[in-house]
Amino acid sequence: MTLDDLRVFVAVCEAGSLSAVARDLDRSQSAVSQHVKRLERETGLALLERRPRGVSPTEAGRVLHRAAAEGIAGLTAALARLDDLRRGVGGTVRIATGATTVRHFMAGGIADFRARHPGVALEFVTADSSRRCLEAVRAHDADLAWVTIGPDADGVEQRPACRLPWVLAVHVSDPLSARSSLRLDELSGIHRIRLPEHSTSRRHLDAQLERHGVRTTSSASVADWDTALLLAELGLGHAILPALPGLKHGPGSVVRLVPIPGLAPLSAGWAARRWDALTPVALEFASTVIRHLAAE
């Protein structure tokens, strides 16, 4: 059993196809098959079963796939760290997030971390939802992800960092803008600017509104929280948003943010495959961001 055998086996399990892996690795399908057969001889168990389209791991194959994928990921990270040491650089932290997240949650932490660790490379993996961020972590494309805490986190450890109450972003010309807070029944009938359809925050909000029997009409749909706020400023509808750090309004503003205390707050924070496997610089980056959020 060699490392190459395990790498090829993991690739076959994730692709579901011997031929696809052969193309990706520029090898023959027979050569790829030999790696799997060698593992099957050594384990004494069938690891793959053929399907009408491709292959899938057996129960034994799933056990080996999980262990091999985890080990290869750890080895890959260790080799990258050794390469950083060889080249005399400070390492790399890969973060899955979106522009809205960076602006509202990370700006202060990033500036502080960069000042203290100028040799560490920060790589931001763009993702348009918490689900995509979690996928990047599972696929080893990111070390950390900033996400809306939710149930869809198999294979990933989540750590809540802050709670975000909900507010209604509304143009000052709307009668609701004069309220100090809103009851849930007062949301019925508003022209709601909907959050991204598959986002955790949208599902969280929709579930609460449905549970309380609140019905709204939709005036627009957006890809992120900042765009929803902008449309509310333009008077194109009402946006129910988490009260993001740095999301403020004051004299001269054309939008008001009215609290909705009847909605349970949203929870946001970090996600990683395994916290005890993160590098020291990744752990420090995560804690720096949280420390700045707590100080705001």
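Report every pair of residues separated by at least 6 positions or lying on different chains whose Cβ atoms are under 6 Å apart, first residue within segment 129-143 and not assigned by TED's automatic domain parsing to the domain that holds H65, second β-branched (V, I, T) and in a loop (DSSP other than H, G, I, E, B).
Here the result reads L134/V156; V137/V156, each pair linking segment 129-143 to a residue that is β-branched (V, I, T) and in a loop (DSSP other than H, G, I, E, B).
For segment 220-227, check the following and say yes or no: at least one residue is in contact (Cβ under 8 Å) with a residue 24 or more places away in the chain, aromatic (F, W, Y) and out of contact with any Lys or Arg (no Cβ under 7 Å at 6 or more places or on another chain). Show your work before the answer.
Step one: filter segment 220-227 for residues in contact (Cβ under 8 Å) with a residue 24 or more places away in the chain, giving 220-226.
Filter once more, keeping what is aromatic (F, W, Y): 225.
Then drop every residue that is not out of contact with any Lys or Arg (no Cβ under 7 Å at 6 or more places or on another chain), which leaves 225.
Checking segment 220-227: at least one residue is in contact (Cβ under 8 Å) with a residue 24 or more places away in the chain, aromatic (F, W, Y) and out of contact with any Lys or Arg (no Cβ under 7 Å at 6 or more places or on another chain).
Can we say A11 is assigned to a helix (DSSP H, G or I), surrounded by 14 or more Cβ atoms within 10 Å (Cβ to Cβ) and in contact (Cβ under 8 Å) with a residue 60 or more places away in the chain? Steps first, answer last, please.
Values: assigned to a helix (DSSP H, G or I): yes; surrounded by 14 or more Cβ atoms within 10 Å (Cβ to Cβ): yes; in contact (Cβ under 8 Å) with a residue 60 or more places away in the chain: no.
Spelling it out, it is not the case that A11 is assigned to a helix (DSSP H, G or I), surrounded by 14 or more Cβ atoms within 10 Å (Cβ to Cβ) and in contact (Cβ under 8 Å) with a residue 60 or more places away in the chain.
Considering each of S287, S267 in turn, give the residue that is outside any helix (DSSP H, G or I), of a type in the set (G, A, S) and either over 30 Å from R94 (Cα atoms) or within 19 Å of the chain's Cα centre (by Cα) (or both). Walk me through how you get there before you give the answer.
Working: S287 fails: outside any helix (DSSP H, G or I).
Matching residue, one of S287, S267: S267.
Say whether the condition of being of a type outside the set (K, R), assigned by TED's automatic domain parsing to the domain that holds L122 and in contact with a Cys (Cβ under 7 Å, 6 or more places away or on another chain) is met by at least one residue in segment 96-103. Step through it out loud before you land on a result.
So in segment 96-103, the residues of a type outside the set (K, R) come out as 96-102.
Then drop every residue that is not assigned by TED's automatic domain parsing to the domain that holds L122, which leaves 96-102.
Those left that are additionally in contact with a Cys (Cβ under 7 Å, 6 or more places away or on another chain): 96-97.
Within segment 96-103, one or more residues are of a type outside the set (K, R), assigned by TED's automatic domain parsing to the domain that holds L122 and in contact with a Cys (Cβ under 7 Å, 6 or more places away or on another chain).
If I ask for residues that are outside any helix (DSSP H, G or I), under 19 Å from L164 (Cβ atoms) and of a type in the set (A, V, I, L, M), which ones from segment 217-239 would you list? Steps first, answer last, please.
Step one: of segment 217-239, the residues outside any helix (DSSP H, G or I) are 217-224, 234-239.
Those still in the list that are under 19 Å from L164 (Cβ atoms) too: 222-224, 238-239.
Matches in segment 217-239: V222, A223, A239.
Please go through segment 150-177 and pick out each residue that is outside any strand (DSSP E or B), more than 15 Å from W270 (Cα to Cα) and in contact (Cβ under 8 Å) with a residue 24 or more places away in the chain.
Of the residues in segment 150-177, the ones outside any strand (DSSP E or B) are 150-156, 165, 172-177.
Filter once more, so that each one left must be more than 15 Å from W270 (Cα to Cα): 165, 172-177.
Selection gives P165, V172, S173, D174, L176, S177.
In segment 180-205, which residue that is surrounded by fewer than 16 Cβ atoms within 10 Å (Cβ to Cβ) and not hydroxyl-bearing (S, T, Y) is nearest to R132 (Cα to Cα)?
Going through segment 180-205, the residues surrounded by fewer than 16 Cβ atoms within 10 Å (Cβ to Cβ) turn out to be 180-181, 183, 185, 188-189, 191, 197-198.
Then drop every residue that is not not hydroxyl-bearing (S, T, Y), which leaves 183, 185, 189, 191, 197-198.
On the way: R183: 33, D185: 33, G189: 32, H191: 28, E197: 13, H198: 10 Å.
Across segment 180-205, the extreme among qualifying residues is H198.
Among V55, V93, which is buried (at least 17 other Cβ atoms within 10 Å of the Cβ), under 30 Å from D226 (Cβ atoms) and outside the structural domain of D224 (by TED's automatic domain parsing)?
V93 is the lone residue from the list that is buried (at least 17 other Cβ atoms within 10 Å of the Cβ), under 30 Å from D226 (Cβ atoms) and outside the structural domain of D224 (by TED's automatic domain parsing).
May I ask you to say which residue of P259, P196 is touching a residue at least 12 places away in the same chain (Cβ under 8 Å) and within 21 Å of P151 (Cα to Cα)?
On the way: P259 fails: within 21 Å of P151 (Cα to Cα).
Answer to the selection: P196.
With the requirement that a residue be part of a loop (DSSP other than H, G, I, E, B) and of a type in the set (G, A, S), what does segment 14-38 give you? Can you show your working first?
Filtering segment 14-38 down to residues part of a loop (DSSP other than H, G, I, E, B) leaves 16-17, 26-28.
Residues satisfying the conditions are G16, S17, S28.
Restricting the search to segment 128-144, which residues are assigned to a strand (DSSP E or B) and β-branched (V, I, T)? Full working, then the answer.
Within segment 128-144, the subset assigned to a strand (DSSP E or B) is 144.
Selection gives nothing.
Please work out if S201 is in contact with a His (Cβ under 8 Å, 6 or more places away or on another chain), within 21 Å of P245 (Cα to Cα) and part of a helix (DSSP H, G or I). Spell out how you get there, then give the answer.
Values: in contact with a His (Cβ under 8 Å, 6 or more places away or on another chain): no; within 21 Å of P245 (Cα to Cα): yes; part of a helix (DSSP H, G or I): yes.
So S201 does not fit the description; no.
Evaluate segment 39-56: report whether one residue or more is assigned to a helix (DSSP H, G or I), under 31 Å from the mean Cα position of the chain (by Cα) and at pLDDT below 90.
Checking segment 39-56: not a single residue is assigned to a helix (DSSP H, G or I), under 31 Å from the mean Cα position of the chain (by Cα) and at pLDDT below 90.
Between S188, S221, which is of a type in the set (S, T, N, Q) and farther than 24 Å from T101 by Cα?
Only one candidate qualifies: S188.
For segment 145-159, does any single residue satisfy the condition of being touching a Cys at 6+ places or on another chain (Cβ under 7 Å), at pLDDT 90 or above and small (G, A, S)?
Yes, there is a match, as at least one residue in segment 145-159 is touching a Cys at 6+ places or on another chain (Cβ under 7 Å), at pLDDT 90 or above and small (G, A, S).
Go through V147, V125, V214 for me and flag whichever is hydrophobic (A, V, I, L, M, F, W, C), surrounded by 15 or more Cβ atoms within 10 Å (Cβ to Cβ), in a loop (DSSP other than H, G, I, E, B) and in contact with a helix residue (DSSP H, G or I) (Cβ under 6 Å, 6 or more places away or on another chain).
On the way: V147 fails: in a loop (DSSP other than H, G, I, E, B); V125 fails: in a loop (DSSP other than H, G, I, E, B).
Just a single option satisfies the conditions, and that option is V214.
For segment 121-144, enumerate the residues that are at pLDDT below 95 and either of a type in the set (F, W, Y) or touching a Lys or Arg at 6+ places or on another chain (Cβ under 8 Å) (or both). Explain how you work it out, then say what you get.
Filtering segment 121-144 down to residues at pLDDT below 95 leaves 121-143.
Within segment 121-144, L122, E123, F124, V125, V137, R138, H140, D141, A142, D143 qualify.
The values are calculated or read from the model by the stated rules, or taken from the named source; none is laboratory data. Because the structure is predicted, anything quoted here is derived from the model rather than measured. Note that each Cβ is placed from the backbone with ideal geometry, even for glycine, and that neighbours are counted across all protein chains shown.
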